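Worksheet: the structure to be examined is printed underneath.
The values are calculated or read from the model by the stated rules, or taken from the named source; none is laboratory data. These numbers were taken from a predicted model, which means no experiment stands behind them. All Cβ positions, glycine included, derive from the backbone under ideal geometry; neighbour counts span all protein chains shown. Just the protein is used for accessible areas: all its heavy atoms, side chains included, with ligands, DNA and RNA removed. Shrake-Rupley method; radii C 1.70, N 1.55, O 1.52, S 1.80 Å.
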Amino acid sequence: RDWSSDVCSSDLQDLDSKVLTEVEAAIGSRRLIEIIYPKAGSKKPARRTLGPLGLIIGRFHYLVAYEDGDVSIDPKTFRLDRVRKITTLEKGFTPPSGYSIDDYARRSFGIYDQEAVKVRWRFNRKTAEDAAQIQFHPLRL
């Protein structure tokens, strides 16, 4: 399998080229990476070791990865523009059998991946007809 194809778009111009090059190489070789990355809600960066699975490119560009390469927990997302430093490690990791970045992206809403919930949207008459034509997510009505 060509793991280097685990990118969901081609809009990569704004990324730091070193970060992107290292991430793509680590995805392709299934090697762990170490990044300096601020924790959620904090400006102070912390050292994180990740098992990179793929990239989701959109308004923001995200790395989907296992923290510490631990495939027994759900993967997390990391905004690439927040990566302060990146190093590829010698140690490799094996993603779960059958893992697909495409499946992850398809079931996510943006970058959020959680159980689906039912919602009811209300639109005024003026916008209801237009809203009825929009598919907000490929797996959800």
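Residue count for the range 40-58 satisfying the condition of being in contact with a Pro (Cβ under 8 Å, 6 or more places away or on another chain) and open to solvent by 10 Å² or more (accessible area, probe 1.4 Å): 3. Restricted to the range 82-141, and to residues there that are at pLDDT 85 or above and touching an Asp or Glu at 6+ places or on another chain (Cβ under 7 Å), the residue that is nearest to residue 60 (Cα to Cα) is 86.
Hey, could you check the range 59-76 for residues that are surrounded by 13 or more Cβ atoms within 10 Å (Cβ to Cβ) and farther than 17 Å from residue 31 by Cα and say which is modelled with the highest pLDDT? Across the range 59-76, the extreme among qualifying residues is 62. Among the residues of the range 77-100, those identified as open to solvent by 20 Å² or more (accessible area, probe 1.4 Å) and of a type in the set (Phe, Trp, Tyr) are 93, 99.
Considering only residues in the range 7-41 that are among the small types (Gly, Ala, Ser) and over 16 Å from residue 81 (Cβ atoms), the one that is modelled with the lowest pLDDT turns out to be 10. Of all residue pairs spaced 6 or more apart or on separate chains, those with beta-carbon atoms under 7 Å, a first member in the range 70-85 that is within 10 Å of residue 38 (Cβ to Cβ) and a second member that is in a loop (DSSP other than H, G, I, E, B) and open to solvent by less than 80 Å² (accessible area, probe 1.4 Å) are 79/60.
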